[in-house]
């Protein structure tokens, strides 16, 4: 699957996508991630990509013409869905991630910035606006990578073992490893006895109870 991110800060996307599980998936050619510098698509003097908002208000707004030109160039005539990261958008969920992973082989993400994006971009592209939580961030690059990460891990082979998807196995927010007894500042912290019992039915029951808390 291919992800194209249109952004003012491509180095943020490139850094994240070069490491850990996502980086391995890129190197193994299971997914590809390309960050496009928005300024490269500007036809304005000094490669400007923003302007003052009509009606007044603080900050600057990313202009529609540059963004639409960028998407057209990245699409190359193909029908590719577009996501815009926005604090005002619908919260992105794991169900959304599964849906995109199943239905699409390419996705364009516009990383919002400043005071936002000219609203006509969303209308013209029939784009979907998403946030990644009930809070506001300084830019759309982190949300873009959150969305990419959550979609990419749904693709077979990205996690190494597909059964490693947490939603597909009996998991728990509480996990333990050696030593069995941990001493810290005069106190002893023990692994729950059920995990040492070897009784898999009871262990799975305990894990389910932890998930429900």
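Every read-out reported here was derived from the displayed coordinates using simple, explicitly stated rules and does not represent laboratory data. Source: prediction; values computed, not measured. Every residue, glycine as well, gets a Cβ built from its backbone with ideal geometry; the counts of neighbours run over all protein chains shown.
Annotations
- Relative contact order, percent, region 2-162 [alpha-carbon distance under 8 Å, six or more residues apart]: 29
- Structural descriptor for region 1-96: relative contact order 23 percent, calculated from alpha carbon pairs under 8 angstrom and at least 6 residues apart.
- q = 0.09, 0.11, 0.17 Å⁻¹: log10 I(q)/I(0) that the Debye formula gives for the chain, counting C-alpha atoms only: -0.48, -0.65, -1.15
- Stretched out straight at 0.36 nm per residue, the stretch from residue 68 to residue 124 would grow longer than its current Cα-Cα span by 19.3 nm.
- Rounded FRET efficiency, nearest 0.05, which uses the C-beta distance separating residue 15 from residue 102 and R0 of 30 Å: 0.60
- Full-stretch length increase - residue 40, residue 180 - with 0.36 nm per residue and alpha-carbon distance subtracted: 44.7 nm
- In degrees, nearest ten, helix 94-103 long axis to first principal axis of the chain (Cα): 60
- Residue of 58, 179, 134 that the Gaussian network model of the chain assigns the largest fluctuation, springs spanning Cα pairs under 10 Å: 179
- The mean sequence distance of close C-alpha pairs (under 8 Å, at least 6 residues apart), as a share of the length of region 169-211, puts its relative contact order at 52 percent.
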